[in-house]
Amino acid sequence: MAKEAPPQPTSSKATTDNKKPHTKLPLLTKNQKISKRPLLHAPIASPRTSSSTPKIIYVSASSPFISVVKRVRTYLDAIEARAAGKLSLEGGDQRLLKGIERGVNSAGGNGEGKRDEEVLIKGTGKAIEKVVRLAAWWGGQSDVRVVVRTGSVGAIDDVIQEEGEGGEEESRVRRVSCLEVGIRLR
C-alpha cells in the first residue's frame with residue numbers, strides 16, 4: 001500500500017507564470033559603493049490650483065505630525081471653497097441666496113459633485129509608520145473618508161567605482177514599498 005503524492009493543481013501554476021519573475025540585483029565587488037538618489041516625485045501643488053492637479057503631500061520620518069494635518073486641512077478647505085463656487089454680493093440678497101442654493105445642489109450634499117477631489121499623503125520606508133498614524137487620525141474625523149493603498153516605487157541607485165579602478169558608472173533600479181492615504185470630503 002504505497003501512498004501516492006497528492007496531485008498538483010494546474011491552475012496555480014498558470015497564475016504564477018503571469019507574474020514577472022523577481023530577479024535579484026547583482027552583488028557588488030569590493031571596490032564598488034552605492035550612492036542613493038532621492039526619490040523622484042511631482043512638484044508640490046498650491047492649495048488653490050485647479051481640481052485636475054493632484055494634491056500630494058510627501059511625508060518623511062521627520063515630518064511634524066501637526067504640520068501634515070494642517071497642510072491636508074488647507075487642501076480640503078480649498079476643495080470645499082472651489083465646490084461652493086463664486087458668490088457675489090452684487091444683485092441683492094435674492095441673487096446671493098440663489099447662488100448658495102445652486103452650490104449646495106451641485107455638491108449634492110453627499111460629496112457627489114465637484115468635491116470628489118482627493119488629497120494624497122505618501123510615505124516610503126521609515127515614514128510608513130507616520131503615514132499609518134496620520135491615516136488613523138484622519139479616520140477618526142467625521143467630515144472625511146479615508147482610503148489606504150499600498151504600492152511600490154522605483155528608486156535609482158548609482159554604483160560608483162572606488163578610486164583605484166577606472167570602470168564606468170552604472171545605475172540600477174530597486175523597488176521601495178510605498179503607503180498612500182487618500183482623504184476626501186464626505
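Odds and ends about this structure:
- Whenever a residue of the range 134-151 is of a type in the set (Asp, Glu), its partners that are open to solvent by 60 Å² or more (accessible area, probe 1.4 Å), lying with C-beta atoms within less than 7 angstrom and at least six residues away or across chains, give the pairs 143/186.
- Residue satisfying all of: in the range 51-68; over 13 Å from residue 122 (Cα atoms) and of a type in the set (Val, Ile, Thr); modelled with the lowest pLDDT among these: 53
- Yes/no for residue 29 being at pLDDT 80 or above, in a loop (DSSP other than H, G, I, E, B), over 32 Å from the mean Cα position of the chain (by Cα) and not small (Gly, Ala, Ser): yes
- Yes/no for residue 176 being within 26 Å of residue 66 (Cβ to Cβ) and surrounded by 11 or more Cβ atoms within 10 Å (Cβ to Cβ): no
- Scanning the range 32-79 for residues that are of a type in the set (D, E, K, R) and in a strand (DSSP E or B), we see that the one that is surrounded by the most Cβ atoms within 10 Å (Cβ to Cβ) is 55.
- Criterion: modelled with pLDDT under 80 and farther than 18 Å from residue 54 by Cα - qualifying residue of 99, 140: 99
The values are calculated or read from the model by the stated rules, or taken from the named source; none is laboratory data. Owing to the predicted nature of the structure, the values given are computational and were not obtained by experimental measurement. Cβ atoms come from the backbone with ideal geometry, glycine included; neighbour counts cover every protein chain shown. Remember, those area values only see protein heavy atoms, side chains included, never the ligands or the DNA or RNA. Shrake-Rupley method; radii C 1.70, N 1.55, O 1.52, S 1.80 Å.
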